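**Q** This is the structure I want to talk about, given as structure tokens.
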Amino acid sequence: MTHPTPEPLTTQEQTTLTQLESTIRGGWHGFVTVGEALLTIRDQRLYRAAHRTFGDYCEQVWGWSRQRAQQLIDAAETTHALSTIGLQPENERQARELKEAAKVVQHLEPEQIVAVAQYLKTATGSDKPTTSQVKAAAEVAASIDAHATVQHPDTGAEVPLHTLTGEQRAAAIAENVSTGTHERLQRQKQHIEDSRQQASSTGRGGWTDWCLTYAQQHLTDTQELRIVIKRDPSGNPKAHALVIDTHTHATIASGEPADWLKKAVLNLAGEIQA
């Protein structure tokens with residue numbers, strides 16, 4: 001593989017690099033500022049005077065793999081996206097859990113963003129909504145396009161969204177996000193409850209049997225229940241249970257990562273019930 005030849009930085013670029021590296025050194029507890037600094041260094045190729053690639057720069061200057069640097073960049077980008085709907089992840093772990101939801105939020109129209117923010121603020125009853133609530137609201141909002149049929153906010157009649165005025169559109173989108181998200185979360189909750197009852201009635205009460213029962217009763221042909229095991233940023237192995245739509249790549253439900261498999265599955269069940 002041919003790598004680019006090192007190139008000198010301009011005086012301004014060198015000043016910028018020095019400032020950004022100072023931010024990284026002083027920002028171990030501020031993952032957003034660290035991620036932003038790394039993003040700028042990568043995109044502006046401020047590493048090029050002494051390092052052939054961004055990966056070389058990360059390893060030789062900071063002792064990180066390129067993958068670790070990308071995790072910090074992703075966390076910063078996720079935080080920026082979620083700020084548009086009034087959310088602020090408290091730490092990098094929360095940002096990672098909300099990464100897929102943030103990707104959806106990034107492509108929402110202003111009216112959809114307002115509707116999601118309004119739902120999360122008023123309907124969840126908490127300033128810290130669950131991952132499932134955020135994902136569900138964002139995905140419901142994303143499914144509403146200009147050609148969608150909605151209820152007219154004044155008459156209740158079914159009309160194409162594009163025929164409404166600005167205020168009417170905003171009201172209709174907000175109502176659809178609120179109703180659609182509530183219905184989606186209720187379906188998820190009912191799926192879990194049905195699976196638990198089925199497990200109880202058949203005598204299959206273990207967490208592994210619960211997974212099989214849930215899959216048999218509720219997964220569609222394009223859905224998968226996955227248990228993923230990978231290392232966290234500290235190098236510790238974590239188990240993560242989630243339900244994925246393989247066609248849209250949307251995360252339908254996701255539990256918090258855990259130190260053992262059973263706990264990961266219980267976290268998934270608890271998240272869907274929330």
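The values are calculated or read from the model by the stated rules, or taken from the named source; none is laboratory data. None of the values given here were measured: they were computed from a predicted structure. No Cβ is skipped: glycine too gets one built from the backbone with ideal geometry, and neighbour counts run over all protein chains shown.
**Q** Would you pick out the residues in region 46-65 that are touching a residue at least 24 places away in the same chain (Cβ under 8 Å) and surrounded by fewer than 18 Cβ atoms within 10 Å (Cβ to Cβ)?
**A** Result: 49, 50, 52, 53, 61, 62.
**Q** A further question follows. How many residues does region 9-59 hold that are out of contact with any helix residue (DSSP H, G or I) (no Cβ under 9 Å at 6 or more places or on another chain) and of a type in the set (Asp, Glu)?
**A** Residues flagged as out of contact with any helix residue (DSSP H, G or I) (no Cβ under 9 Å at 6 or more places or on another chain) and of a type in the set (Asp, Glu) within region 9-59 amount to 2.
**Q** Can you pull out the residues in region 91-149 that are basic (Lys, Arg), within 17 Å of residue 181 (Cβ to Cβ) and part of a helix (DSSP H, G or I)?
**A** Residues satisfying the conditions are 121, 135.
**Q** Which of the residues that make up region 20-44 are within 22 Å of residue 6 (Cβ to Cβ) and touching a residue at least 12 places away in the same chain (Cβ under 8 Å)?
**A** Within region 20-44, 20, 21, 24, 37, 38, 39, 40, 41, 42, 44 qualify.
**Q** For region 69-90, how many residues meet the condition of being assigned to a helix (DSSP H, G or I) and either in contact with a strand residue (DSSP E or B) (Cβ under 8 Å, 6 or more places away or on another chain) or of a type outside the set (A, V, I, L, M) (or both)?
**A** Total satisfying the criteria: 8.
**Q** For region 98-132, how many residues are closer than 20 Å to residue 267 by Cβ, charged (D, E, K, R) and at pLDDT 85 or above?
**A** Residues that pass the stated criteria total 2.
**Q** Residues being modelled with pLDDT of 80 or more, buried (at least 18 other Cβ atoms within 10 Å of the Cβ) and more than 16 Å from residue 116 (Cα to Cα): count how many of those fall in region 151-192.
**A** Within region 151-192, residues that are modelled with pLDDT of 80 or more, buried (at least 18 other Cβ atoms within 10 Å of the Cβ) and more than 16 Å from residue 116 (Cα to Cα) number 2.
**Q** Does at least one position in region 104-125 carry a residue that is touching a Cys at 6+ places or on another chain (Cβ under 6 Å) and either free of Cβ contacts under 8 Å to residues at least 24 places away in the same chain or under 23 Å from residue 258 (Cβ atoms) (or both)?
**A** Checked against the condition, which is being touching a Cys at 6+ places or on another chain (Cβ under 6 Å) and either free of Cβ contacts under 8 Å to residues at least 24 places away in the same chain or under 23 Å from residue 258 (Cβ atoms) (or both), region 104-125 yields no hits at all.
**Q** Let me ask something else about it. Of all residues in region 66-84, how many are over 30 Å from residue 52 (Cβ atoms), free of Cβ contacts under 8 Å to residues at least 40 places away in the same chain and either buried (at least 19 other Cβ atoms within 10 Å of the Cβ) or among the aliphatic types (A, V, I, L, M) (or both)?
**A** The qualifying residues number 1.
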